[in-house]
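As structure tokens, the structure follows; a few thoughts come after it.
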Amino acid sequence: MKTIHFMVLFISLVVLIIGWLVWRYLSQKKQDAQPLPTNYPQLLQAYVPYYQELSPEKKKLFDDRVNHFLHHVKIEGVATTVDDVDKVLVASSAIIPIFGFEDWYYPLTNVLLYEGSFNADFQTTGEGRNILGMVGEGGALQSTMVLSKPALHEGFANETGKENTGIHEFVHLLDKADGSTDGLPEYLLEKDHIKPWLQLIHKSIHDIKANHSDINPYGVTNEAEFFAVVAEYFFKRPDLLHEKHPELFTRLEEIFHQHPLEE
């Protein structure tokens, strides 16, 4: 009797698990089928210069990627409101670096928008509030990104600048895909290109330190920050990066599988 009772419990548990998995799959499928709000393509066209340069076919694909992101990542405000423009800018920051890859999803569940800068403990009061974006590494903020809302907007509004906080933080997530945030996206580079890329990073950092470069000096912090900084440059001002740093430009085309000057 005990054996029969155990088997009944086991079968019931299996049925419950399978039922839950089926329900989750169907719920997710239904969620993914929901269309992008009708005003979002207009918002993308108005606020995202990268999107403006895409062909009609690629704009449709970008719309779909934004839609998928917004159905899987929750965007919330901390002491600030979140509107449709905020959502469009966060999603665009995420999709731009991975637009060259058909199937790429971030290990992310939440994005928190703060009313301003914050410190390393994600606090908006006290000292050291000079951080504009950060990805949680563990604890309650695991799988969470925190962004300064003003910095997010400034990254897209300043079309002549080379900085974009949102893109910067999502590039860190992309860099981390191989298990280490170190400026060497090994999943995206051919093996024989890893060493030349590292050498180019160190040469470029040396040029920045010697004031022989227009790359954001924050890039000298370490290899990971350099990668994120030049990625911002690549997506914001590809024309200028190609002119001033052609070797870096070519390497970034290889890494991101994108050719922004040919769109």
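The values are calculated or read from the model by the stated rules, or taken from the named source; none is laboratory data. On a predicted model such as this, the values are computed, not experimentally measured, just so you know. Note: ideal-geometry Cβ built from the backbone for every residue, glycine included; neighbour counts use all protein chains shown. These accessible areas exclude ligands, DNA and RNA; they are computed on the full protein's heavy atoms, side chains included. Shrake-Rupley method; radii C 1.70, N 1.55, O 1.52, S 1.80 Å.
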Fill in: region 163-214: chymotrypsin sites (Phe, Trp or Tyr not before Pro) in DSSP coil with no more than 13 other Cβ atoms inside 10 Å
Y187
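Could you check how much of the accessible area of the chain is carbon and sulfur, as a whole percent, using a 1.4 Å probe?
Here carbon and sulfur together make up 57 percent of the probe-accessible area.
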Practice prompt. Grab the DSSP H runs of the chain that are 4 residues or longer, score each as -39,500 (n - 2.57), total them, divide by all residues and round the 222 nm result to the nearest 500 deg cm²/dmol.
Written response: -17500 deg cm²/dmol
Worksheet item: Rolling a 1.4 angstrom probe over the protein heavy atoms, how many square angstrom per residue are accessible across region 85-185?
Response: 40 Å²
Worksheet, complete the sentence: So the angle from the long Cα axis of helix 191-209 to the longest Cα principal axis of the chain, reported in degrees to the nearest 10, equals 50 degrees
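Only Cα pairs under 8 Å and at least 6 apart count here; give the relative contact order of the chain as a rounded whole percent. Don't skip to the answer; put the middle values down first.
Numbers: 325 pairs, mean separation 38.2, N = 263.
Once divided by the residue count of the chain, the mean separation gives 15 percent.
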Worksheet, complete the sentence: Checking rank on 226-232, 175-181, with mean other Cβ inside 10 Å and highest first, the result is 226-232, 175-181
Worksheet item: Which entry is the computed Rg/Rh (Cα atoms, Kirkwood Rh) for this structure: (1) 1.00; (2) 1.05; (3) 0.98?
Response: (2)
Worksheet item: Using the Cβ atoms and a cut-off under 13 Å, what net charge is assigned to the surroundings of G166, where Lys and Arg are +1 and Asp and Glu are -1?
Response: -2
Worksheet item: Could you give the angle, 0 to 90 degrees to the nearest 10, between helix 84-98's Cα long axis and the longest principal axis of the Cα atoms of the chain?
Response: 80 degrees
Worksheet, complete the sentence: Note: T109 to Q199 extended length (0.36 nm per residue) minus current alpha-carbon separation gives 28.9 nm
Worksheet item: So in the chain, what percent of DSSP beta bridges are antiparallel if you round to the nearest 5?
Response: 30 percent
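Considering only region 107-263, what is the antiparallel percent among its DSSP beta bridges, to the nearest 5?
Around 45 percent of the beta bridges assigned by DSSP in region 107-263 are antiparallel ones.
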Item to complete: May I ask which residue of L108, V220, N158 lies farthest towards the positive end of the charge dipole of the chain, with charges of +1 (Lys, Arg) and -1 (Asp, Glu) on Cβ and the Cα centre as origin?
Response: L108
Worksheet, complete the sentence: Taking Lys and Arg as +1 and Asp and Glu as -1, residues besides H245 with C-beta under 15 Å from its C-beta add up to -2
Worksheet item: Non-local amide H neighbours of V111 (under 5 Å, H modeled in plane, Pro and chain starts lacking H): which ones?
Response: K74, I75, E76, M145
Worksheet, complete the sentence: With +1 on the Cβ of every Lys and Arg and -1 on the Cβ of every Asp and Glu, the dipole magnitude of the chain about its Cα centre, in debye rounded to the nearest 20, is 940 debye
Item to complete: Just read off the accessible area of T160 with the full protein assembly in place, 1.4 Å probe, to the nearest 10 Å².
Response: 100 Å²
Fill in: Tilt relative to the chain, helix 246-256 - C-alpha long axis, 0 to 90 degrees, to 10
10 degrees
Worksheet item: Taking region 90-144, which GluC sites (Glu not before Pro) meet the DSSP loop condition and have no more than 10 other C-beta atoms within 10 Å?
Response: E102, E127, E137
Practice prompt. Find, to one decimal place in angstroms, the Kirkwood hydrodynamic radius of region 215-254, where the mean of 1/r is taken over every pair of different Cα atoms and then inverted.
Written response: 10.0 Å
Item to complete: Between the alpha-carbon centers of region 104-154 and region 185-223, tell me the distance in whole angstrom.
Response: 25 Å
Item to complete: Please label the shape of region 125-179 as rounded, prolate or oblate, based on the square roots a ≥ b ≥ c of the eigenvalues of the alpha-carbon gyration tensor (a/c under 1.5 means rounded; beyond that, a/b larger than b/c means prolate, else oblate).
Response: oblate
Worksheet item: Rounded to the nearest 5, what % of the DSSP beta bridges within region 43-185 are antiparallel ones?
Response: 30 percent
